[in-house]
């Protein structure tokens, strides 16, 4: 069984969408994969309760307990590794990971970003897209590398930018696409991995 570990920092809406898809589409039967754990860097992350309600193991590794990013990432990796992850999914995990952590899970660490990468990496993507006069925005699922928001692209979805859009209204429509795209991209990754088994 391929274990999926999801990292969150907040409400966990993308994590919940992935969990629902895994249950609905029977990932365990189709891909030999299951959501093994949800881990947060914040004890009050709302997504933890959602994971528990689905019978998924949860853990908290508070980043404020560590003096350096490296120390936090090392502690986080130890908890992640207890679940023998085949895939580590960043779903609203609001930490920039160190090269050591990224390297440890190279090729099996994915993230979702609310823009059509390579456009608008980093923060404030929706406002930046509006200010740039973009006619479309969107969302990207990509593999994580040491360069922020620049890993190989797994999937993208396009969202039109409407004339009266604000950053908030655009963000809402992009988020709806995230909830559709992320589970689909992970399923595609699992299927691809399955088809390339030795």
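Residue 122 meets each of the listed conditions (1) in contact with a helix residue (DSSP H, G or I) (Cβ under 9 Å, 6 or more places away or on another chain); (2) on the phi < 0 side of the Ramachandran plot; (3) assigned to a loop (DSSP other than H, G, I, E, B) apart from (2).
Restricting attention to segment 3-17 and to residues that are within 15 Å of residue 185 (Cα to Cα) and in contact with a strand residue (DSSP E or B) (Cβ under 8 Å, 6 or more places away or on another chain), the residue that is surrounded by the fewest Cβ atoms within 10 Å (Cβ to Cβ) turns out to be 14. Here is the figure for segment 98-119: residues that are surrounded by 22 or more Cβ atoms within 10 Å (Cβ to Cβ) and out of contact with any helix residue (DSSP H, G or I) (no Cβ under 8 Å at 6 or more places or on another chain) total 1. Taking the conditions exactly as written (more than 24 Å from residue 18 (Cβ to Cβ) and buried (at least 17 other Cβ atoms within 10 Å of the Cβ)), does residue 141 satisfy them or not? No, not satisfied.
Let's see how each residue does on (1) free of Cβ contacts under 8 Å to residues at least 24 places away in the same chain; (2) over 18 Å from residue 14 (Cα atoms); (3) out of contact with any strand residue (DSSP E or B) (no Cβ under 8 Å at 6 or more places or on another chain):
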site: 145; (1), (2), (3): no, yes, yes
site: 157; (1), (2), (3): no, no, no
site: 160; (1), (2), (3): no, yes, no
site: 163; (1), (2), (3): yes, yes, yes
site: 178; (1), (2), (3): no, no, no
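Selection within segment 41-72: residues that are under 14 Å from residue 94 (Cβ atoms), in contact with a helix residue (DSSP H, G or I) (Cβ under 6 Å, 6 or more places away or on another chain) and in contact (Cβ under 8 Å) with a residue 24 or more places away in the chain. The member of this set that is surrounded by the fewest Cβ atoms within 10 Å (Cβ to Cβ) is 63. Which one is farthest from residue 184 (Cα to Cα), of the residues in segment 47-61 that are in contact with a strand residue (DSSP E or B) (Cβ under 9 Å, 6 or more places away or on another chain) and part of a loop (DSSP other than H, G, I, E, B)? Result: 61. When 34, 20 are checked against the criterion of being outside any strand (DSSP E or B), within 24 Å of residue 189 (Cα to Cα) and in contact with a helix residue (DSSP H, G or I) (Cβ under 8 Å, 6 or more places away or on another chain), a single residue qualifies: 20.
Looking only at segment 161-176, which residues are under 12 Å from residue 134 (Cα atoms) and either over 24 Å from the mean Cα position of the chain (by Cα) or not in a loop (DSSP other than H, G, I, E, B) (or both)? Result: 162, 163, 165, 170.
Every number in this text was worked out from the coordinates using simple rules, so none of it is lab data. Note that this is a predicted model, so its numbers are computed, not measured. Quick reminder, even Gly has a Cβ in these numbers, built from the backbone with ideal geometry, and neighbours come from all protein chains shown.
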